[in-house]
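The values are calculated or read from the model by the stated rules, or taken from the named source; none is laboratory data. Small disclaimer: the values here were computed from a predicted structure and weren't measured. Cβ placement follows ideal geometry from the backbone for every residue including glycine, while neighbour counts extend to all protein chains displayed. Protein only, heavy atoms only, side chains kept; ligands, DNA and RNA dropped before computing areas. Shrake-Rupley method; radii C 1.70, N 1.55, O 1.52, S 1.80 Å.
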Amino acid sequence: MSGNFGTAKDSRIFVAGSKTLIGKSLIFELRSRGYQNLTPSHEEPDLTNQLEMERFFTDFKPEYVFLVGGKSGGIQMNQEFPADLIRENLLVETHVIHEAYRNKVKKLLYLASSCCYPKFCGQPMQVEALFTGKLEPTNEAYAAAKLAGIVLCQSYRFQHKVDFITVIPANPFGPGDDFKPKNSHVIPSLLRKMHEAKNRKESFLEIWGTGAPIRDFIFSRDLADACLFLMEQYDEEKPINVGSGTGCSISELSHLIKEVVGYPGELFFNPEKPDGMPIKVLDSSQILKLGWKPKTSLEQGIKATYGWFLEEMYAAKK
Ligand code: GFB
């Protein structure tokens, strides 16, 4: 069913969302494994534009599609820009999935999100829990769009007999992440804030929320590796989770980042800022059973991400 993705290194591959954290990691992994026929990352068509998508699929005729595009960001972005998030993600999913079907793509992998799970979900979160409860209000619009993407894949599979699969990742982070204060997820945000607080010799740093929420973090290169593994090995309608297997509280995470950055000040948790979902840890037993596991510890991943951030800052100053 999956064609010959693993062996055919000359396959035409479209990474839809090549400028995203996961898109960049996927392109890096694909190139390092000898796949050369990738859609050029510097001139990605507008995924939200139906005509551009039609033209692109007709010209490039991709055989495999990794759908990792669309807008995403941390808790603050989700609260401020719900309309942009739902609109952009719905457009991207609709156009890419439909054109993949019309152009007889051999296989498509759609990357959903762990915020598709209900707010008060049993832990670790199993795929069977999807659609069984209310979503976390701070990211409801984004999550609704990502859930629609899951149903799109399942519906095209059923009606058109295509091999479209869904992967649900834990919270990804890594080199190439978005460090802009308003958009960023917790890891890039805290790396930047602590780095700047250290340089300014500030003795206190505010961390949003109570510090109690628990997250499952996956290093972007491990997630890209899992996506390539699943493109080859997984053909089911049921979404599959990809996580680290363990949870880490925001408080533990903040202290780990403090150590990596070498920030000597005190951390102050501000409960007036939103916590988001209380716990999000994925049940990743299915992919473990198939023979894949992550290679990078949280600490190693954070060190690599901070190293990348420092290089970027240095390059920007030159
Ligand atoms: O990464 P984050 O925004 O994503 O926040 P979510 C995780 C937790 O870190 C929340 C706390 O409890 C925040 O209150 N936090 C503490 C911070 N300090 C900070 C900070 O400086 N910046 C940020 N961003 N958080 C996301 C969704 O929810 O999950 C996304 O909003 C996406 O759309 C992602 O789906 C996987 O895990 O709360």
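Just wondering, is there one or more residues in segment 116-130 that are of a type in the set (Gly, Ala, Ser), closer than 19 Å to Ser285 by Cβ and either in contact with a Cys (Cβ under 7 Å, 6 or more places away or on another chain) or away from the ligand (no atom under 16 Å from the Cβ) (or both)? Within segment 116-130, one or more residues are of a type in the set (Gly, Ala, Ser), closer than 19 Å to Ser285 by Cβ and either in contact with a Cys (Cβ under 7 Å, 6 or more places away or on another chain) or away from the ligand (no atom under 16 Å from the Cβ) (or both). Determine, yes or no, whether Lys104 is within 14 Å of the ligand (Cβ to nearest atom) and either acidic (Asp, Glu) or surrounded by fewer than 22 Cβ atoms within 10 Å (Cβ to Cβ) (or both). Judged against the criteria, Lys104 is not a match. Note on segment 141-180: among residues that are within 10 Å of the ligand (Cβ to nearest atom) and open to solvent by 20 Å² or more (accessible area, probe 1.4 Å), the one that is nearest to Leu282 (Cα to Cα) is Asn171.
Screening Glu80 against (1) touching a residue at least 60 places away in the same chain (Cβ under 8 Å); (2) within 15 Å of the ligand (Cβ to nearest atom); (3) crowded, with 21+ Cβ neighbours inside 10 Å leaves a single unmet condition, (3). Only residues that are within 13 Å of the ligand (Cβ to nearest atom) and open to solvent by 40 Å² or more (accessible area, probe 1.4 Å) were counted across segment 278-309, and they come to 2. Annotation: Phe268 fulfils all but one of (1) open to solvent by 20 Å² or more (accessible area, probe 1.4 Å); (2) in a helix (DSSP H, G or I); (3) among the aromatic types (Phe, Trp, Tyr); the unmet one is (2). Asp275 fulfils the conditions (1) within 9 Å of the ligand (Cβ to nearest atom); (2) open to solvent by less than 30 Å² (accessible area, probe 1.4 Å); (3) under 27 Å from Lys198 (Cβ atoms); (4) under 24 Å from the mean Cα position of the chain (by Cα) except for a single criterion, (2). Report yes if some residue within segment 199-221 is open to solvent by less than 10 Å² (accessible area, probe 1.4 Å), within 30 Å of Gln154 (Cα to Cα), assigned to a helix (DSSP H, G or I) and within 15 Å of the ligand (Cβ to nearest atom); otherwise report no. Scanning segment 199-221 turns up at least one residue that is open to solvent by less than 10 Å² (accessible area, probe 1.4 Å), within 30 Å of Gln154 (Cα to Cα), assigned to a helix (DSSP H, G or I) and within 15 Å of the ligand (Cβ to nearest atom). Across segment 245-265, the qualifying residues are those that are away from the ligand (no atom under 13 Å from the Cβ) and within 18 Å of Met125 (Cα to Cα), and the one among them that is surrounded by the fewest Cβ atoms within 10 Å (Cβ to Cβ) is Thr246. Taking the criterion of being hydrophobic (A, V, I, L, M, F, W, C) and buried (at least 21 other Cβ atoms within 10 Å of the Cβ), the residues of segment 83-101 that qualify are Leu85, Val92, Val96, Ile97, Ala100. Quick one: is Glu43 within 15 Å of Met231 (Cβ to Cβ) and among the acidic types (Asp, Glu)? It is false that Glu43 is within 15 Å of Met231 (Cβ to Cβ) and among the acidic types (Asp, Glu). State which residue is farthest from the ligand (Cβ to nearest atom) when the search covers only segment 56-73 and only residues that are crowded, with 23+ Cβ neighbours inside 10 Å and assigned to a loop (DSSP other than H, G, I, E, B). Residue satisfying both the conditions and the ranking: Pro62.
Can you confirm whether Ser18 is in contact with an Asp or Glu (Cβ under 9 Å, 6 or more places away or on another chain) and part of a helix (DSSP H, G or I)? Against the criterion (in contact with an Asp or Glu (Cβ under 9 Å, 6 or more places away or on another chain) and part of a helix (DSSP H, G or I)), Ser18 does not qualify. Within segment 13-47, the set of residues being open to solvent by 40 Å² or more (accessible area, probe 1.4 Å) and farther than 14 Å from Phe66 by Cβ comprises Ser32, Gln36, Pro40, His42, Glu43, Asp46. So Pro239 clears everything in (1) in contact with a strand residue (DSSP E or B) (Cβ under 7 Å, 6 or more places away or on another chain); (2) over 28 Å from Arg12 (Cβ atoms); (3) touching a residue at least 40 places away in the same chain (Cβ under 8 Å); (4) not aromatic (Phe, Trp, Tyr) except one condition, right? Which one? Going through (1) in contact with a strand residue (DSSP E or B) (Cβ under 7 Å, 6 or more places away or on another chain); (2) over 28 Å from Arg12 (Cβ atoms); (3) touching a residue at least 40 places away in the same chain (Cβ under 8 Å); (4) not aromatic (Phe, Trp, Tyr) one by one, Pro239 breaks only (2).
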